[in-house]
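Okay, so here's the structure we're looking at.
All of the numbers you see were taken from the coordinates with simple rules; none came from a lab. The shown structure was predicted, so the numbers you read here are calculated from the model rather than taken from an experiment. Here Cβ is always computed from backbone atoms with ideal geometry, including for glycine, and neighbour counts include all displayed protein chains.
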Number of protein chains: 2
Amino acid sequence: MTQSTAQKTEQTGQQPKPHVLNLPLGAARVDREPHSYERWLIAKLMRMAGSPPIRFRLWNGDVIEPNGQEARFVLQLTDPKALYSLVANPNLAFGDLYSAGRLDVEGELPDLMEALYRSVHAARQSWPKWLDALWRNHNPRSTGISEAKENIHHHYDLGNEFYRLWLDRAEMQYTCAYYEQPDLTLEQAQLAKLEHVCRKLRLKPGMTVVEAGCGWGGLARYMARHYGVRVHSYNISREQLAYAREEARQQKLDHLIDYVEDDYRNIEGQYDAFVSIGMLEHVGKENYPALSDLIKRSLKPDGIALLHSIGRNRPMLMNAWIEKRIFPGAYPPSIGEFMEICEHGDFSVLDVENLRLHYAQTLTHWMERFDENKDRVSEMYDEHFTRAWRMYLAGSIAAFQAGALQLFQVVFTHGDNNHLPRNRQDLYITPAAPEDV
Amino acid sequence: MTQSTAQKTEQTGQQPKPHVLNLPLGAARVDREPHSYERWLIAKLMRMAGSPPIRFRLWNGDVIEPNGQEARFVLQLTDPKALYSLVANPNLAFGDLYSAGRLDVEGELPDLMEALYRSVHAARQSWPKWLDALWRNHNPRSTGISEAKENIHHHYDLGNEFYRLWLDRAEMQYTCAYYEQPDLTLEQAQLAKLEHVCRKLRLKPGMTVVEAGCGWGGLARYMARHYGVRVHSYNISREQLAYAREEARQQKLDHLIDYVEDDYRNIEGQYDAFVSIGMLEHVGKENYPALSDLIKRSLKPDGIALLHSIGRNRPMLMNAWIEKRIFPGAYPPSIGEFMEICEHGDFSVLDVENLRLHYAQTLTHWMERFDENKDRVSEMYDEHFTRAWRMYLAGSIAAFQAGALQLFQVVFTHGDNNHLPRNRQDLYITPAAPEDV
């Protein structure tokens, strides 16, 4: 255990929990001949998955090429049981098997995952009902106040040290960056995102802002530093808040920022702006009316609200593996579902922007840095954890790249507010990204 | 009948139909004393309407001030029956009585209507169920192919001569303009709208565009002239198409534009862009899946679609008077309802912009010109028609001003299209409005 994780453990009073099954890697290895029905199962599985360009290498070295077409990837299985769990519940098993080293990939993992997303998306239209039911993702777990604390702790309290290895060095942003220009660095793009959000909120010095879910507090510090506003930022991750407060102190911004350790549902007061970057995914649909009521009462009559969230083109459950192993309780809404928040509160939507491909690029930058620090991560946790995290990053790149996930920024106001920005020209007058970071 | 309306009648083979009841103005005038329960009814009516700042002047000259507060407007009634129909069905009766000269207003009509919209919107939360049912707007009439033809003829075939009196002189746009700067003329703002739409579609020379509902064809000509694209524009209003074709011929753009007299549902071919400005309001919710399918098959894999429509903050029926007298079949969707189109077709929404206050300004410009030409309109039709149209324009200004109506531009693509504009910077590089028109 490193010094910093030791410190962290002391602060939170709890051991950080790597959340994948902890079997020794490749423990299930078997080398018997595959049965003929196992070959048939693979052919069937690949047909149901829309015939992605994949070849299999089985536990005994046999190669199976299910499709006539040229395979671009090889999936290697260490044992027959890996095949059976893949067939029974591919959404969950693919990630678990990869994490456990029982499934391996030749070829770029994000590219393979993207090919899978695309072929499954096309194929599932013609799945029989029983298959659709069998391979269905499960409902997300509860996001009540106490469960939310547990859900968030599970992911965000893994240790600031860990996230520092691969997030941007400017403001530790664990949300989609804004690649205003294609060649921006991760640091530039994350600062451009913060700037873009501030512009959408039309901040002016002296205004007050409330933030629901503040991560390591970078947006609040950016707002205080560049716009001279007063920010109240809520978060239930103690790890993140400790970092956020220390940073604000060091940057002499603590007189402008209150980092509050509390659930967003307990926000009090009225503000010129309500902002939430990357929290809605964790809110849970059943809490949308309450979130709407909260924004209704927290936003001044002329105030502007912005929610930034992962989303979908149409309602669909979160991938089972991600929900179970990475983001408990996560549910990315379609815009139609998102509108339940806006309609419930009689809000008026001014602006929706979709930054889907920006998230693919952000994740690609994260994964590059993660891979550079793989050994360090395995030292901090173990190799299962490292593989699980690679699967999560690669799968997320693929999902945004294939259009399975979207990234929405939605700006809205009270329905009777006529003090609106005339248009969006003011967002684009100067570059949002700093020249050098 | 003027020469041009005579020509028009000849072309369409049908008399244009002014569509308000044709009693002589003020024919119902009565001067008896009001009963005490009539005074009580007025007080009750105003309380249910949220106590707007209105004073009544009754048929015999008696003045009733239902609220303690200062009245900013006077409603004058010519007869007791006017009061009864107002109480029974205010949404429908207000416009009908005004058109018939049985209700008159002292004060600016749009301001009165806005005050009414705001006070009723606040008050209706606490209406008893029976009142909500009594004052409910009715369902819009059908928008099947044959009914749609009738619905559109009803409004848009009133005569190009009529619309020319008060629409912009640049391109006869009968949809929301884009006031990029607050002091633009109507002509500049309408051309800026066309430019803004073209930019959102990222048009390049040689591309092909299909337009559903083209009005007098201005967008198609603008696209052909400024972007060198080839446009197929569909419309079922013969009057408008005759004008559109003649204009294209005179501007030597007819080799680039096909104006097609047909229902949008019969669109054929595949295009780089699908655009529809101000038609969705007439499509009817029951036709959204078919519209979605149509866009799905008409849009090339990398194509961009844009729908521009009047909308709502939450689902709500169209005002009864507008639906009955002005726009048969009209239904402005909320974004949530709008998303039925996008979700059905697995489209990905890139951009939503709300231009609500731009429509209030557009309508204000239209009403100023309409008022300048009031006598001319009464000559062409009659005074009922003129009053009905004023009510329509004033009520629409009020609805956009009060937030009862919204104006959405929604940009979307196929869900698996990755050839997306990086961001929206390109929409704002130079002013969209021409300097002099």
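The spacing between region A:320-381 and region B:386-406, judged by their C-alpha centroids, is 42 Å. I'd like the FRET efficiency for A:Val74 and A:Arg265, computed as 1/(1 + (r/R0)^6) with the beta carbon distance as r and R0 of 51 Å, rounded to 0.05. After rounding to 0.05, the efficiency reads 0.60. Take B:Ser378, move 7 Å from Cα toward the beta carbon, and the resulting point lies 9.0 nm from the same point in each other copy, nearest first. Converting the Cα gyration tensor eigenvalues of region A:245-319 into ellipsoid dimensions via √(5λ) gives semi-axes, longest first, of 26, 17, 12 Å.
Which value results for Rg/Rh of region B:232-283 when Rg is the Cα radius of gyration and Rh the Kirkwood radius based on the inverse mean 1/r?
Numbers: Rg = 11.7 Å, Rh = 12.1 Å.
Rg divided by Rh gives 0.97.
If I fit a long axis through the Cα atoms of helix A:238-250 and take the longest principal axis of the Cα atoms of chain A, what angle between them do I get, 0 to 90°, rounded to 10? The angle comes out near 50 degrees. For chain B, the longest principal axis of the C-alpha atoms and the axis of helix B:3-12 are separated by about 70°. Taking the fewest neighbouring Cβ atoms within 10 Å as the starting point, the ordered list for A:Glu268, B:Glu343 is A:Glu268, B:Glu343.
If you restrict to DSSP beta bridges whose two residues both lie in the protein assembly as shown, what percentage is antiparallel, to the nearest 5?
Antiparallel: roughly 50 percent of the beta bridges in the protein assembly as shown.
Relative contact order of region A:133-287: 24 percent, from C-alpha pairs under 8 Å at least 6 residues apart in sequence.
For B:Arg29, A:Arg356, the sequence from fewest to most other C-beta atoms within 10 Å is B:Arg29, A:Arg356.
Taking the Cα centre of region B:256-359 as origin, sum charge times position over the Cβ atoms of Lys and Arg (+1) and Asp and Glu (-1), and report the length of that vector in debye to the nearest 20. Could the numbers behind the result be given before it?
Numbers: 10 positive and 17 negative charges, 104 e Å.
Computed about the Cα centre, the dipole is about 500 debye.
Report summary: the helix-based calculation at 222 nm, which adds -39500 (n - 2.57) for every DSSP H run with n ≥ 4 and divides by the residues of chain B, gives -13000 deg cm²/dmol.
Farthest towards the positive end of the charge dipole of region B:145-427, among the residues B:Gly415, B:Gln250, B:Gln240, is the Cα of B:Gly415, using unit charges on the Cβ of Lys, Arg, Asp and Glu.
With the simple spin-label model, which puts each label point 7 Å out from Cα in the Cβ direction, the B:Lys300 to B:His419 separation comes to 0.6 nm. For region A:81-102 versus region A:407-437, the inter-centroid distance based on Cα atoms is 44 Å.
At a threshold of 8 angstrom on Cα-Cα distance, excluding pairs fewer than six apart, so keeping six or more, what relative contact order does chain A reach in percent?
Numbers: 795 pairs, mean separation 82.3, N = 437.
The normalised contact order for chain A reaches 19 percent.
May I ask you to sort A:Asp262, B:Asp79 by Cβ crowding, counting other Cβ atoms within 10 Å and putting the fewest first?
On the way: A:Asp262 12, B:Asp79 20.
So the ranking, lowest neighbour count to highest, is A:Asp262, B:Asp79.
Once both labels are positioned 7 Å from their Cα atoms along Cα-to-Cβ, the gap between B:Gln251 and A:Arg225 label points is 5.0 nm.
In debye, nearest 20, what is the charge dipole magnitude of chain B about its Cα centre with +1 on Lys and Arg Cβ and -1 on Asp and Glu Cβ, if you could check? All intermediate terms of the calculation are to be shown ahead of the outcome.
Details: 49 positive and 58 negative charges, 152 e Å.
Using Cβ point charges on Lys, Arg, Asp and Glu, chain B gives about 720 debye.
The fraction of all Cα pairs in region A:234-373 landing in successive 5 Å bins from 0 to the largest distance is 2, 8, 14, 19, 19, 17, 13, 6, 2, 0, given as whole percents. Taking 0.36 nm per residue of separation and subtracting the Cα-Cα distance, full extension of the segment from A:Asp346 to A:Thr208 would add 47.4 nm. Where q = 0.20, 0.21 Å⁻¹, what log10 of I(q)/I(0) comes from the Debye formula for region A:36-134, counting one point per Cα? These q points yield log10 I(q)/I(0) values of -1.05, -1.18.
Could you work out how far the C-alpha centroid of region A:172-238 sits from that of region A:270-300, in angstrom? Answer, in whole Å: 17. Sparsely packed loop sites in region B:42-138 (the trypsin sites (Lys or Arg not before Pro) outside DSSP H, G, I, E and B with at most 13 other Cβ atoms within 10 Å) comprise B:Arg136.
Two numbers describe the Cα atoms of the protein assembly as shown: Rg and Dmax, which are 30.7, 105 Å.
With all pairs of separate Cα atoms included, region A:335-377 yields a Kirkwood hydrodynamic radius of 13.4 Å. Sorted from nearest, the other copies put their A:Lys252 label points 6.8 nm away, the label point being 7 Å from Cα in the direction of Cβ. Its alpha carbons considered, region B:301-383 gives a radius of gyration followed by a Dmax of 17.5, 52 Å.
A compact globular protein would have a Cα radius of gyration near 2.2 N^0.38 Å; the ratio found for region A:96-230 is 1.43.
Placing R0 at 41 angstrom, the Cβ-Cβ distance between B:Glu147 and A:Ala43 gives a FRET efficiency of 0.20 after rounding to 0.05. The relative contact order of region B:36-134, computed from alpha carbon pairs under 8 Å that lie at least 6 residues apart in sequence, is 29 percent.
Using a cut-off of 19 Å between Cα atoms, the listed pairs A:Lys296/B:Lys44; A:Lys296/B:Lys129; B:Lys44/B:Lys81; B:Lys44/B:Lys129; B:Lys200/B:Lys285; A:Lys129/B:Lys285 include A:Lys296/B:Lys44; A:Lys296/B:Lys129; B:Lys200/B:Lys285; A:Lys129/B:Lys285 as exceeding that distance. Once the Cα atoms are used to define both axes, helix A:36-48 deviates from the longest principal axis of chain A by about 30 degrees.
With coordinates expressed along the principal axes, the C-alpha atoms belonging to chain A extend over 73, 50, 42 Å, beginning with the largest.
Counting pairwise Cα distances across region B:322-437, what percent come out greater than 25 angstrom?
On the way: 3049 of 6670 pairs.
Roughly 46 percent, once rounded to a whole number.
Farthest toward the positive end of the dipole of region A:36-134, out of A:Val120, A:Leu131, A:Pro52, is the Cα of A:Leu131, where the dipole comes from beta carbon charges about the Cα centre. Taking label positions 7 Å along the Cα-Cβ direction at both B:Thr430 and B:Arg164, the computed distance is 3.2 nm, reported to one decimal.
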